[in-house]
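Okay, so here's the structure we're looking at.
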Amino acid sequence: MESPYWNVRCRSLAPYVPGEQPRERRYIKLNTNENPYPPSPRVLEAIGKAATDTLRLYPDPTCLALREAIARRYALPGPEWVFVGNGSDEILAFAFGAFFGEHPLVSEEEGLKIPSVPTRAPLLFPDVTYSFYPVYANLWEISYETIPVAEDFSIPLEAFQRPNGGIVLANPNAPTGRALPARDVRALALFQQRQGAVLLVDEAYVDFGAESVVSAVVELDNLLVVHTLSKSRSLAGLRVGYAMGNPGLIEGLRRIRDSFNSYTLDRLALAGAQAAIEDQAYYDDTNKKIIETRRWTVQSLEGLGYRVLPSAANFIFACPPSGKASSGAGAVYAYLRERGILVRYWDAPRIREYLRITIGTDEEMAALVRALKEYTE
C-alpha cells in the first residue's frame, strides 16, 4: 500500500524480495540456502551464558572480542582489519555507501592516490548475480552497469577490465553457484588497484568448495572481502556478517555504520558469533557433509536429464529436461510446492528455465529426487 507521504527516493525503490518463509504448513525448505545442520553446540552454550541480566546493558559497539577472533581465524594482522555487522547484507549496503558513486578529486599533497578513472564511472557487477546489488546501487543513487555472463553462466573477468567506479563480485556467484579461481580474482583486484577503485568480493558461500581471497587483503588495499555466518555456520537466524580488508576500508564502513546505528550487534549475537568462529572443526565436518550431498544430488538430477551447473555453493542451479517438463522450470517449481518441497524460481531473463535448489540433508534431497522422478516419468 502506497502512501502520499513517500518521498521521491522511496517511490523509486524496487526492494529485494526474499525467499518464501511459509507458516501455513511444514515444507522441505530448499529455497533460501539455509544450512540443514544445527549450529555448533558451543554456539548454543555461549548464547545461553550470555542471556543474563547484563542484557539491560548496551553491547560493545566496537565488537572487539569478535573482531579479534576473526582476525586470528584468518591470520590477519589485527582486529582493525575486520568489520562486523548485522548480517552480510547490512555490510554490503554500507560498502556501497562508502566506496561507490562519485569520488572527490584529491591532490598529491593530501597523501592519497589520485583516481585514474572518471569520478562518475559506473559500478560494475554481473547481469546474473545476487539481486540485492542493484537495490543497493539504486538506494545510494549509484550509477552502475551490468556485465553479461557467458552462455554457461561463467563470469568473463576480461570484460570488467575497463574504467569503472568499482566492481562487485559474488564468488561463488549466486544464483548460479559458479566460482572463480582465486588467482583470477587477485588479478582483477590488482587491475582495480592500479586505477584507484575498489573490488568487493562477496564470499557468502566460499566454504562449500571455492577459493577465498581473504589472504590477499593484506597486500591489496582496495580489496574488501565479505563473509556471513548464515550459510556455512548455520546461523541465519542470528544475523551476523563480517568484512575483511585494509584498515582504511574498515574505517570507511565504520563511518557509514555510525551514521545509522553504532550498536548493530546485540550481546547474544556477539557471543554466539565468536563461538562459531572459534569452533572451525565442527563446521568443517558439516560443510563436508553438504559437499558430499551436493555431489549425490547433481548425479541424481543429471540422471533424470537435468542440466546442472558446476557449483561451489550449498545450492545448485538446474535446468529441467525437455519432455513433460518442457512447460518450464516454473511448472516444476509449482509441482514441487504442491508436494511440500520449496525451491527458488525467478521468472527473469536468462534464468527463467532454471531452479535454484538448496542442498539439504540426505533425506531431504532423496525426497526431492523422488518427486522430480515422478514428475518426469
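Condition check: hydroxyl-bearing (Ser, Thr, Tyr), surrounded by 16 or more Cβ atoms within 10 Å (Cβ to Cβ) and not assigned by TED's automatic domain parsing to the domain that holds residue 216. Does residue 297 satisfy that?
On the way: hydroxyl-bearing (Ser, Thr, Tyr): yes; surrounded by 16 or more Cβ atoms within 10 Å (Cβ to Cβ): yes; not assigned by TED's automatic domain parsing to the domain that holds residue 216: yes.
Judged against the criteria, residue 297 is a match.
Evaluate the following for residue 318: is it hydrophobic (A, V, I, L, M, F, W, C) and over 30 Å from residue 38 (Cβ atoms)? Don't jump to the end; show me each part of the working.
Values: hydrophobic (A, V, I, L, M, F, W, C): yes; over 30 Å from residue 38 (Cβ atoms): no.
For residue 318, the condition - hydrophobic (A, V, I, L, M, F, W, C) and over 30 Å from residue 38 (Cβ atoms) - is not met.
Which residues, taken from the range 127-163, are β-branched (Val, Ile, Thr) and in a loop (DSSP other than H, G, I, E, B)? Can you show your working first?
Looking only at the range 127-163, we keep the residues that are β-branched (Val, Ile, Thr), and these are 128-129, 135, 142, 146-147, 149, 155.
Matches in the range 127-163: 128, 129, 142, 149, 155.
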Checklist line | Residue match in the range 354-370 (condition: assigned by TED's automatic domain parsing to the domain that holds residue 304 and on the phi > 0 side of the Ramachandran plot) | finding: no
Item checked: Within the range 78-88, considering residues that are within 27 Å of residue 195 (Cα to Cα) and touching a Phe, Trp or Tyr at 6+ places or on another chain (Cβ under 8 Å), the one surrounded by the most Cβ atoms within 10 Å (Cβ to Cβ) -> 83
Check: In the range 364-373, is there at least one residue being within 21 Å of the chain's Cα centre (by Cα) and touching a residue at least 12 places away in the same chain (Cβ under 8 Å)?
Finding: no
Margin query: Looking at the structure I just gave you, is residue 52 farther than 14 Å from residue 342 by Cα and among the polar types (S, T, N, Q)?
Written below: yes
Next item on the list: Of the numbered conditions (1) in a loop (DSSP other than H, G, I, E, B); (2) under 20 Å from the mean Cα position of the chain (by Cα); (3) surrounded by fewer than 21 Cβ atoms within 10 Å (Cβ to Cβ), residue 360 fails exactly one; give the number of that condition.
Entry: (3)
Checklist line | Residues being surrounded by 17 or more Cβ atoms within 10 Å (Cβ to Cβ), over 21 Å from the mean Cα position of the chain (by Cα) and hydrophobic (A, V, I, L, M, F, W, C) - total across the range 255-267 | finding: 0
Next item on the list: Would you be able to say whether some residue in the range 85-100 is within 22 Å of residue 254 (Cβ to Cβ), at pLDDT 95 or above and part of a strand (DSSP E or B)?
Entry: yes
Next item on the list: Pull up the range 344-357, narrow it to residues that are of a type outside the set (A, V, I, L, M) and not in a loop (DSSP other than H, G, I, E, B), then point me to the one that is nearest to residue 205 (Cα to Cα).
Entry: 356
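For the subset of the range 279-292 comprising residues that are within 21 Å of the chain's Cα centre (by Cα) and in contact (Cβ under 8 Å) with a residue 40 or more places away in the chain, which member is surrounded by the most Cβ atoms within 10 Å (Cβ to Cβ)?
Once the filter is applied, the top-ranked residue is 290.
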Notebook entry, point to check: Does residue 75 fit the bill of being surrounded by fewer than 20 Cβ atoms within 10 Å (Cβ to Cβ), in a helix (DSSP H, G or I), touching a residue at least 40 places away in the same chain (Cβ under 8 Å) and out of contact with any His (no Cβ under 8 Å at 6 or more places or on another chain)?
Noted result: no
Check: Looking at the range 324-353, which of its residues are surrounded by fewer than 16 Cβ atoms within 10 Å (Cβ to Cβ) and either in the same structural domain as residue 178 (by TED's automatic domain parsing) or touching a residue at least 40 places away in the same chain (Cβ under 8 Å) (or both)?
Finding: 324, 340, 350
Margin query: Condition check: crowded, with 19+ Cβ neighbours inside 10 Å and free of Cβ contacts under 8 Å to residues at least 40 places away in the same chain. Does residue 36 satisfy that?
Written below: no
Check: Among (1) outside the structural domain of residue 333 (by TED's automatic domain parsing); (2) under 28 Å from residue 49 (Cβ atoms); (3) not small (Gly, Ala, Ser), which single condition is residue 287 missing?
Finding: (1)
Next item on the list: State whether one or more residues within the range 57-65 are assigned by TED's automatic domain parsing to the domain that holds residue 172 and surrounded by 22 or more Cβ atoms within 10 Å (Cβ to Cβ).
Entry: yes
Notebook entry, point to check: Under the condition of being charged (D, E, K, R) and in a helix (DSSP H, G or I), which residue from the range 329-343 is farthest from residue 313 (Cα to Cα)?
Noted result: 338
Notebook entry, point to check: Within the range 123-142, is there a residue that is surrounded by fewer than 11 Cβ atoms within 10 Å (Cβ to Cβ), farther than 24 Å from residue 352 by Cβ and at pLDDT below 95?
Noted result: yes
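The values are calculated or read from the model by the stated rules, or taken from the named source; none is laboratory data. Nothing here was measured: the structure is a model prediction, and the numbers come from that model. Cβ coordinates were reconstructed from backbone atoms using ideal geometry, including for glycine residues, and neighbour counts include every protein chain displayed.
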